[in-house]
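**Student:** This is the structure I want to talk about, given as structure tokens.
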Amino acid sequence: MTSRIPGATDAKREMGVSSLFFDHAFLPDGWARDVRLSIEGGVIAQVEVGVSCGGSGHVKGIALPGLPNLHCHTFQRGMAGLAERRGVGDDSFWTWRDVMYRFLGRLSPDDVEAIAAFAYAEMLERGFTSVGEFHYLHHDANGSPYDDLGEMAARIVAAAAESEIGLTLLPALYVNGGFGGAAPGAAQRRFLNDPERFLKLVERTRAVTASLPSAQVGIAPHSLRAVTPESLRMVIGQAGAGPVHIHVAEQVKEVADCIAWSARRPVQWLLDNVIVDERWCLIHATHMTSDEARRVAVSGAVVGLCPITEASLGDGIFNGPDFLIAGGRYGVGSDSNVEIDAAGELRLLEYSQRLGQRARNVMTTEPGESTGQRLFTSALAGGAQALARPVGAIAVGRRADIVVLDAEHTSFATTDSRHWLDAWIFVPGCPAIQSVFVGGAKVVDEGRHIRRDKIAARYRSVLRRLVDV
Ligand SMILES: [Zn+2]
């Protein structure tokens, strides 16, 4: 393990030039031994295989590209474990949402920053090296904009800077409380902007993210419940370049309400009324017909699956087989952050398909193919596309965002590397993570974020004040 890079001179470090050497690394064309990376300004400038360590920082272990977390509402980490008691009637996504609204009603900008820093540090410890923040908590508790319209966005940026996670910030457009332009409820007042003010918020978000290396900005029309066709088209047309994320077809009731409004299912409405292409990421898309799954695959859009949250909220099971056969692209996200675990998201994605299909190795198509490797490489590519970030591979031109597994862990006892991704995803998951690098800099050492003590202490005091009242 290396915190200092022995071979790099001070001058080189100042220029952001360094090199790392790994015993084993997962490269785009498969496993390789004795891999040396030259890194300039956080980006991989050269990959050499089968070489000696030389003066490079020697990192013992198994190097993987860090997984992008393509969907996150970071403040919800603070209510993890607080919505697991049965209510008076049937509990559902909608009763969970009421708990979530009550929780967020109390959050100050300082609270949001503290919770976000902790959640992002945990993401890094657990295998995610960049995050797509689907950000809808914009205003104060009364629904009034802060003096700086981008106050909350700046707090997300500050948390990303402190944790050093890569950030794609997606300000959410939230105008309505239901399909067909229904009026929003009082509990939604902190989210609301008309399209004009939203476009100013996007502009302000671009300004506050400028200080963060490699940050990207996109937009997130919250859902078809929260926008009208007119406001949706306006912001897509005027918000500039960058990814477009939207929650869609997460819940059966949402599908029924959309049909009642438009005579179309949500994914069907979107495909029929907007140009959905590679810029788009459809979050959840849980309830799709075979035809919708095929059409989304053809569009080139990424589907953002959040299996742990979808299980937690009782959303349902994604139409995996139809989407896979059509060549659909997907990535994974931690969404509500009730549990943060990159390998765990991939594991539950496959296990939920097995439960639904009563079959094994569902998210693969080729005989003999490793299910873990297929899940991992798909989520790397889909996540990088959805976040518009040069990540997702240990390759020239990509950011040096690397997760290192402990080669001495018993799960990797076999020396046959073809089993290692399956062994990581289906057996230990995050406890096997030893160190993590972002842009070539070590941010997790021996499984702990380098600023964990400070970040966790602040998080604890915020949670005690918010919950122990
Ligand atoms: Zn979400």
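The values are calculated or read from the model by the stated rules, or taken from the named source; none is laboratory data. None of the values given here were measured: they were computed from a predicted structure. Cβ: placed from backbone, ideal geometry, glycine included. Neighbour counts: every protein chain shown.
**Student:** Taking the residues in the range 67-126 that are farther than 28 Å from residue 145 by Cα, of a type in the set (Asp, Glu) and at pLDDT 95 or above as candidates, determine which candidate is farthest from the ligand (Cβ to nearest atom).
**Tutor:** Per the criteria, the residue is 125.
**Student:** Of everything in the range 213-227, what is more than 16 Å from the ligand (Cβ to nearest atom) and surrounded by 17 or more Cβ atoms within 10 Å (Cβ to Cβ)? Give them in sequence order. Talk me through it step by step, then tell me what you get.
**Tutor:** First, pick out the residues of the range 213-227 that are more than 16 Å from the ligand (Cβ to nearest atom): 213-217.
214, 215, 216, 217, listed by residue number.
**Student:** Go through the range 239-250 and report how many residues are surrounded by fewer than 23 Cβ atoms within 10 Å (Cβ to Cβ) and either modelled with pLDDT of 95 or more or outside the structural domain of residue 336 (by TED's automatic domain parsing) (or both).
**Tutor:** Count: 2.
**Student:** Pick out the one residue from 235, 227, 248, 255 that is under 20 Å from residue 385 (Cβ atoms) and of a type in the set (A, V, I, L, M, F, W, C).
**Tutor:** Just a single option satisfies the conditions, and that option is 248.
Per-residue answers, yes or no, for (1) buried (at least 23 other Cβ atoms within 10 Å of the Cβ); (2) not assigned by TED's automatic domain parsing to the domain that holds residue 292:
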residue: 316; (1), (2): no, no
residue: 321; (1), (2): no, no
residue: 330; (1), (2): yes, no
residue: 339; (1), (2): no, no
residue: 348; (1), (2): no, no
residue: 354; (1), (2): no, no
residue: 370; (1), (2): no, no
residue: 399; (1), (2): yes, yes
residue: 403; (1), (2): yes, yes
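**Student:** Here are some conditions: (1) crowded, with 23+ Cβ neighbours inside 10 Å; (2) touching a strand residue (DSSP E or B) at 6+ places or on another chain (Cβ under 6 Å). Residue 421 meets all but one. Which one does it not meet?
**Tutor:** Condition (2) is where residue 421 drops out.
Rundown of residues vs (1) at pLDDT 95 or above; (2) at negative phi, yes/no style:
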| site | (1), (2) |
| --- | --- |
| 350 | yes, yes |
| 397 | yes, no |
| 402 | yes, yes |
| 415 | no, yes |
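**Student:** Consider the range 355-397. How many of its residues are touching a Lys or Arg at 6+ places or on another chain (Cβ under 9 Å) and basic (Lys, Arg)? Before the answer, list the steps.
**Tutor:** Within the range 355-397, the first condition is being touching a Lys or Arg at 6+ places or on another chain (Cβ under 9 Å), and the residues that meet it are 360-366, 370-373, 375, 378, 381-386, 388-392.
From what is left, the residues that are basic (Lys, Arg) are 360, 389.
Result for the range 355-397: 2.
**Student:** Same structure, new question: In the range 304-325, how many are within 13 Å of the ligand (Cβ to nearest atom) and of a type in the set (Asp, Glu)?
**Tutor:** So the answer is 2.
**Student:** Can you pull out every residue in the range 277-303 that is within 16 Å of the ligand (Cβ to nearest atom) and without any contact (Cβ under 8 Å) to a residue 40 or more places away in the chain? Quick ask: steps written out before the conclusion?
**Tutor:** If we filter the range 277-303 for residues that are within 16 Å of the ligand (Cβ to nearest atom), which is where we start, we get 280-287, 302-303.
Result: 280, 282, 284, 285, 286, 287.
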